[in-house]
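Presented below is the structure to which this report refers.
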Amino acid sequence: MEKQIKAQISKKTVSFYTMGCRLNFSESGSISRGFLDRGYDIVDFDKPADVVFINTCTVTDGADSTCRNLIRKAHKMSPEGKVVVAGCYAQMESEAIKEMQGVDLILGNSEKYKVFEYLDEIKDEQQIVKVKKKADFDFGATSDGLDQTRAFLKIQDGCNYVCSFCIIPQARGRSRAITIRDALSEAKRIIGEGYKEIVLTGVNIGEFEAANGERLSDLVKELLDVEGLERLRLSSVEPNTFTDDLLEVLASSPKSMDHFHIPLQSGDDEILAAMKRKYTVSDYRQVVDKILKYFPRASFGADIICGFPGETDAQFKNTKKLLEELNITHFHVFPYSQRKNTVAAKMPDHIQHYLKKDRVNQLIDLGNYKKAMYAGRQINTSGEVLFEREISSGIWEGHSSHYLKVRVESSADLKNKILPVYFNNALEGELTGDIIS
């Protein structure tokens, strides 16, 4: 017994903080699995740890500021621990991070998967910086951490687009992708570990074919045929890359979930052109209409940027009007944030902060209303729910196929179970219901 207690006391701990996109969360999930395999316990970020891993974002200058605050907090919370700063901010600003107190290891996007070997190299006060300019592709990011209900399969990384507001191509490099063969192998491994749902993720997954010559629709078709997979989702797909053959493959299988995230950014053609986006408002409408023909009950998510340089009141109203008209239910609204080393940062007529904030709030209110209306339309219908966690005693929460949160009462353990639910009420865009026995 005494030996067991000593072993427990000496067990190493690691904490994580992940910023930004789903791809970052996917990668953090994979890395956390590596720590678990090496005998670490994962603790909350606000608790002392032997290793603190911060997976950073650099999409805006505000994100950079948040990263610096997190580094300071990590050192204060774990002064004896090793602080690892990885990801996009580390890729772009390693020199600035080197000057911050308490940082032991700085890893770019290609190097973060080698964190374990680099940790072994750290001695005393030595600081290690590993940031490669030429990006590799690591497809090991296939976990959502400890939840073990939904896994993110990274199929693509990097981006060849030159959107005027975006720094990500510089942080993550050119577009590159997994092979269908390797993706299938990873998917089978994931399913073998008990996951019911896979989300295909990347920076720009619609560039899959351009990156490796294989069609995304072929990959999806192969995955839908994998025995044991019960649900498949796509993460964000650019409207100009959502092909007819992809939609037909998705519609051919009940495993395909009817929620689609199609970035919009603006509902005004002049602003879209200034952003160097690859579609028009008309193109976007056509994509949404086409999806609805195959998935009549589909919900849609969209990213929207408010206050892009030069955006007039009339142009903002065009965006708001489009969002009112289309079946967009999950709004992801951001104020434009100036990012150095981008084309947009050098544009004239930057919008004042108070005006951006007002426009953001208008769209957030609209998004909350539309999501609530959409949820209300699901009352007295039914659908399958993947249950993820018990949020309080006897109250279980999961997601419907159209990515609405659903809560039910049950004394049974529902984690990682897919069950039919009759939706009987909706509140603030979330559903409650009863399990259909």
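Some notes on this structure:
- Taken over region 218-234, the criterion of being buried (at least 18 other Cβ atoms within 10 Å of the Cβ) and part of a loop (DSSP other than H, G, I, E, B) is satisfied by Leu229 alone.
- Residue that is surrounded by the most Cβ atoms within 10 Å (Cβ to Cβ) [pool: residues in region 396-418 that are aliphatic (A, V, I, L, M) and assigned to a strand (DSSP E or B)]: Val406
- Flag if Gln170 is modelled with pLDDT under 90, part of a helix (DSSP H, G or I), not small (Gly, Ala, Ser) and not assigned by TED's automatic domain parsing to the domain that holds Phe334: yes
- Only one entry in Ile262, Ile304, Ile271 is in contact (Cβ under 8 Å) with a residue 24 or more places away in the chain, more than 17 Å from the chain's Cα centre (by Cα) and crowded, with 18+ Cβ neighbours inside 10 Å, namely Ile271.
- Of the residues in region 33-43, none is in a helix (DSSP H, G or I), more than 24 Å from Glu117 (Cα to Cα) and basic (Lys, Arg).
- Residue within region 39-51 that is at pLDDT below 90 and not basic (Lys, Arg) present: no
- Matching residues in region 360-377 - criterion: being among the aromatic types (Phe, Trp, Tyr) and over 23 Å from the mean Cα position of the chain (by Cα): Tyr369
- Taking the numbered list (1) closer than 16 Å to Cys88 by Cβ; (2) modelled with pLDDT under 90; (3) aromatic (Phe, Trp, Tyr) in turn, Phe139 passes all entries but (1).
- If you go through region 348-390 and keep only what is part of a loop (DSSP other than H, G, I, E, B) and either touching a strand residue (DSSP E or B) at 6+ places or on another chain (Cβ under 6 Å) or surrounded by fewer than 17 Cβ atoms within 10 Å (Cβ to Cβ) (or both), you end up with Pro348, Asp349, His350, Gln352, Arg377, Gln378, Ile379, Asn380, Thr381.
- Residues that are among the basic types (Lys, Arg) and at pLDDT 95 or above within region 315-345 comprise Lys317, Lys320, Lys321, listed in sequence order.
- Checklist (1) in contact with a Pro (Cβ under 7 Å, 6 or more places away or on another chain); (2) exposed (fewer than 15 other Cβ atoms within 10 Å of the Cβ) applied to Asp289, failing item: (1)
- Ser393 vs. criteria outside the structural domain of Ile198 (by TED's automatic domain parsing), surrounded by fewer than 13 Cβ atoms within 10 Å (Cβ to Cβ), of a type in the set (Gly, Ala, Ser) and on the phi < 0 side of the Ramachandran plot: yes
- Of all the listed residues (Ile71, Ile31), the sole one being in contact (Cβ under 8 Å) with a residue 60 or more places away in the chain, crowded, with 20+ Cβ neighbours inside 10 Å and not hydroxyl-bearing (Ser, Thr, Tyr) is Ile31.
- Scanning region 291-301 for residues being out of contact with any strand residue (DSSP E or B) (no Cβ under 6 Å at 6 or more places or on another chain) and either free of Cβ contacts under 8 Å to residues at least 12 places away in the same chain or closer than 24 Å to Lys276 by Cα (or both) gives a total of 2.
The values are calculated or read from the model by the stated rules, or taken from the named source; none is laboratory data. These figures come from a predicted structure and were not determined experimentally. Every residue, glycine as well, gets a Cβ built from its backbone with ideal geometry; the counts of neighbours run over all protein chains shown.
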